[in-house]
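The structure under discussion appears below in the form of structure tokens.
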Amino acid sequence: MSTRGSPDSIAGNIAQWTLTNAQHTAGGAESQWDRRDITWGVFGVREDAIGSPLGDVSDLDVVELGCGTAYFSARLALRGARPVGVDPTPAQLATALDMQRRTGIVFPLVEAPAELVPLPEASFDLAFSEYGASLWADPQLWVPEAARLLRPGGRLVFLTNSVLAFLCSPDVGMVGETLQRPQFGMYRIHWPDELGTEFHPAHGDWIRLLKANGFDIDDLIELQAPPAAQTHAFYDYVSADWARKWPAEEIWVARKQT
Ligand SMILES: C[S@@+](CC[C@H](N)C(=O)[O-])C[C@H]1O[C@@H](n2cnc3c(N)ncnc32)[C@H](O)[C@@H]1O
């Protein structure tokens, strides 16, 4: 893997998510916080259909890296976890705080990028990201931070776009059925007309990076859209039909060595 990633992406990603908050996430947070069930990805794959990658979270110290409006952490809090939400975008955290006030589900929120988290080492049992750090932070910096934050034996679980969907993504438009870009050299991308930078390591890069930071890899779950799933109204970069045939999203499950 090259060393192309660097925190020069952070300001652009905060700008991107300030805009997305105004366009979509602030308004949608209430319906997300209203729900208790955990589903995965834009097509809502039920957790029991994929072996519940988070497992039993009761009584665990959990850090969500790139928590956004923090609905995922709220659902874990309802299951008995003690989450801490970390996100660099003030607008997203303001929505999370507003939802905490409205619902009474309260946990700490920390304004920081996942590349540099102002929390003590070895203080969490589970680090996770649902399209937060996993897509928007530099993996060469946030994976070592996750390793630092976890206790020995702690788990790292993250959801992001699949490598295949990225390779089949044109610069503009939906994921198609032909390769659109090389795999060799993939790591970060600035899509035209977007303010932010996404990070897309290939599978070999993820494996080497996780192992280099003291993780064992337990699973790589490639999500399949359920039969009744429809293309998402907002995250419409990939159709439900495509995602029924090929994995559009993937969950990595790793464990910090003891
Ligand atoms: C798709 S949202 C996460 C959704 C989240 N699971 C939720 O419950 O709302 C992506 C989040 O990543 C955050 N983000 C952007 N750059 C980041 C970085 N360097 N480190 C951590 N999070 C980042 C954004 O601010 C945004 O809130």
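The values are calculated or read from the model by the stated rules, or taken from the named source; none is laboratory data. Predicted model, so just to flag it, every value in this text is computed and none were measured. In this analysis, Cβ positions are derived from the backbone assuming ideal geometry, glycine residues included, and neighbour counts consider all displayed protein chains. Protein only, heavy atoms only, side chains kept; ligands, DNA and RNA dropped before computing areas. Shrake-Rupley method; radii C 1.70, N 1.55, O 1.52, S 1.80 Å.
Tabulated results
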| item | result |
| --- | --- |
| Accessible carbon and sulfur surface of region 7-256 relative to its total accessible area, %, 1.4 Å | 54 |
| The chain: calculated mean residue ellipticity at 222 nm from DSSP helix runs of at least 4, using -39500 (n - 2.57) | -8000 deg cm²/dmol |
| Hydrodynamic radius by Kirkwood, which averages 1/r over all alpha carbon pairs of region 191-253, in angstrom | 14.0 |
| Rounded accessible area per residue of region 7-256, 1.4 Å, Å² | 43 |
| Percent breakdown of C-alpha pair distances by 10 Å bin, ordered from the shortest bin, for region 137-258 | 12, 40, 32, 15, 1 |
| Paramagnetic label zone (point 7 Å from Cα along Cα-to-C-beta, His190; backbone N under 16 Å) in region 5-37 | 5-17 |
| Virtual spin-label span in nm between Asp37 and Leu179, 7 Å along Cα→Cβ | 3.8 |
| Cubic angstrom per residue, convex hull over Cα atoms of region 79-126 | 80 |
| Percent of Cα pairs exceeding the 16 Å cut-off, where the set is region 1-70 | 68 |
| Square roots of five times the Cα gyration tensor eigenvalues for the chain, Å | 25, 22, 19 |
| Area projected by the alpha carbon convex hull of region 70-206, averaged over all directions, nm² | 9.6 |
| For region 124-180, diffusion coefficient by Stokes-Einstein and Kirkwood Rh (Cα), 20 °C, 1.002 mPa s, µm²/s | 166 |
